[in-house]
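What follows is one structure encoded as structure tokens, with my remarks underneath.
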Amino acid sequence: MSASEPKTASHQHYRRSLGTISLTAVGLGSIIGSGWLFGAERAAKLAGPAAILAWVIGAAVALTIALTYSELGSMFPKAGGMVRYGQYSHGSLAGYLAAWANWIAIVSVIPGEATASVQYMSSWHFGWAQRLYNGSELTTSGVALASVLLIGYFLLNWFAITLFAKTNTAITVFKVVVPTLTAGSLLLAHFDTHNLQDHGGFTPNGWSSVFTAVAVSGIVWAYNGFQSPLNLAGEARNPGKSLPKAVISSILIALVIYVALQVAFLVAIPSADLSHGWASLNYNSPLADLATAWGLNWLAMLLYADAFISPTGTGMIYAATTSRMIHGVQENGHLPSIFGRVDPKTGIPRPALLLNLFIAFLFLAVFRGWGSLAEIVSVATVISYITGPVAVMALRRLAPDLPRPVRLKAMPVIAPIAMVFGSLVLYWARWPLTGKVILLMAAGLPIWAWYELRKPWAELKPHLKAGAWVVGYLLVMAAVSWAGAKDFGGHGYLPQGVDLLVVALIGLGTYFWGVRSAWSNPSLAQVRAELAAQGTDADPTSAAAEPARA
């Protein structure tokens, strides 16, 4: 199916039933999943007490990038929005690579949530539970139980979006209350400020470890949930108002909760557990183990329960959003038409749900530990971010007449900063992980080639030219990561400090290259026609097209 063919019919089956509260619950529910159960320990192992700053840096990165996507999401309130914007601004190659990275980042979260639940169960005082996890990965019985949880996530999405919304809002309330209660209880139970000063000081492993913690300890994984409301934009009642509120509110609320949890974790660790330094921490169920250590058995039991509820809520959300992403990829012209089908009775893209369930099983079979999945998800997420800052400014140049319910005056400054932040986080992930995930991005190109290389050269050429900046960026970032400072896993050809400057300049240079590369491609023409047919492509001077400014 070509990008220029009509594709509006299936979208008529989506039901615009989600308001601001429901969308905020979706965003917050995605952010507060398994990340809060493991992120505090993993960040502390890497950065010590400075892990507090890693959460703040992660929120700043997520917020700047989220602001670019908020404008795009309000412009194009379509299901699976995050996989569409690069296609609208740059055509099939850039759009596909962005969609592939985004889909890999999101679909792999689903088995990660199931893994987190089972890993927490392994601390129960039952022989069968302790055999679920061997200290580094799930055992065969652990994988079997996680598979059951995966099926549950998808069944909750099988029937109707209204059932999903009601279930998720209730779960999200619980997911906010329990982390808040956990942080407060641990702070009251044990507040040892010596942990923040001893054992190497505030930054025992240097500042590079703080930056690496942002990239690979689950922090990017956690904040990535901001995009879930955007992927459900096709079901939002008033996307222009509700999407930016939901995205920004969910990040800020989560930041407060995560910082409180990190502080509580740091000061509640028994000093004996730090006798060999922060890197020696090795809890199977970090927060529950600390609760037990200080006699808070009731809290440990609550955490064991929440280890099912929080990841289940997030897994359920991501099962929903990934199905909309698959639908978006199909409409971009890169999957068979069956994956664009939406059940007219329930408003659910069921074939896309089944495909994602199958892929989730594959990830679970290969990556059996939460930590290994967190690393893959985090780096793929950062790669998926790079098209947002470029696309938002490229579309201001290409389509200034399109209505923008959200239009930030500071976007010309925010967008390049977001691109620099994303580039730095990708570099902080350390070689060879960066190279491995960039290679994983290349693994998706045969699917693109199957659909695109059969086109005449005159038709294909502008897509290749407009998407060259994405390919060039990934290759250059892989090379810089390989040659970078040893603190970030590189070979030391770039001195420390100089490497960060080089990465920032690469981000800026790529940003300007990408904005200039955009073109009025068939996908942009198609979405223009759809907006006009829906009566939203109004005169930009009219009241209906007047944007909200900030």
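The phi torsions of region 268-277, fed into the Karplus equation with coefficients 6.51, -1.76 and 1.60 and a -60° offset, translate into couplings of 9, 5, x, 4, 4, 6, 10, 5, 10, x Hz, rounded to whole numbers, with Gly and Pro shown as x. For the chain, the solvent-accessible area of protein heavy atoms averages 35 Å² per residue (probe radius 1.4 Å; ligands and nucleic acids excluded). Helix 498-517 and the longest principal axis of the Cα set of the chain meet at an angle near 20°.
Charge dipole of the chain (Cα centre as origin; +1 on each Lys and Arg Cβ, -1 on each Asp and Glu Cβ, all else neutral): 1240 debye, rounded to the nearest 20. Here the 3J(HN,Hα) profile of region 142-147, calculated from phi with Karplus coefficients 6.51, -1.76 and 1.60 at θ = phi - 60°, is x, 5, 4, 5, 4, 5 Hz, Gly and Pro shown as x.
Shape analysis of region 13-136 based on the Cα gyration tensor places the equivalent ellipsoid semi-axes at 33, 19, 16 Å, largest first. For region 367-444, trypsin sites (Lys or Arg not before Pro) meeting the loop criterion (DSSP other than H, G, I, E, B) and having at most 16 other Cβ atoms within 10 Å: K409.
Annotation: amide H-H contacts under 5 Å for Y133 (H modelled 1.01 Å from N, sequence separation of 5 or more, or interchain): T139. Helical runs (DSSP H, four residues minimum) scored at -39500 (n - 2.57) apiece and divided by the length of the chain put the mean residue ellipticity at 222 nm at -22000 deg cm²/dmol.
Over all orientations, the chain has a Cα convex hull whose mean projected area works out to 23.1 square nanometres. Amide H to amide H, with H built 1.01 Å from N, D343 comes under 5 Å of I348, R350, counting only residues 5 or more places away or on other chains. For region 172-306, the C-alpha radius of gyration sits at 1.24 times the compact-globule guess of 2.2 N^0.38 Å, with N the residue count. Rg/Rh, computed from the Cα trace of region 302-343 with Rh as the Kirkwood radius, has the value 1.26. The angle between the Cα long axis of helix 350-366 and the longest principal axis of the Cα atoms of the chain comes to about 40 degrees, rounded to the nearest 10. With the largest listed first and rounded to whole Å, the semi-axes of the equivalent ellipsoid of region 212-291 from the Cα gyration tensor are 36, 12, 10.
The lysines within cross-link reach of K409, meaning a Cα-to-Cα straight distance under 28 Å and a gap of 8 or more places when in the same chain, are K78, K241, K245. Rounded to the nearest whole Hz, the Karplus-based 3J(HN,Hα) values (6.51 cos²θ - 1.76 cosθ + 1.60, θ = phi - 60°) of region 285-293 follow the sequence 10, x, 6, 5, 5, 5, 4, 5, 4, with x at glycine and proline. Within a straight-line Cα-Cα reach of under 20 Å, K465 can be paired with the following lysines, leaving aside sequence neighbours fewer than 8 residues apart in one chain: K455. Angle of helix 522-533 to the longest C-alpha principal axis of the chain, folded into 0 to 90 degrees and rounded to 10: 80°.
The values are calculated or read from the model by the stated rules, or taken from the named source; none is laboratory data. Note that the coordinates shown come from a computational prediction; the quantities given were computed from them, not determined experimentally. Glycine gets a Cβ as well: all are built from the backbone with ideal geometry, and neighbour counts include every protein chain shown. When the accessible area is computed, the model is the full protein with side chains, heavy atoms only, and any ligands, DNA or RNA have been set aside. Shrake-Rupley method; radii C 1.70, N 1.55, O 1.52, S 1.80 Å.
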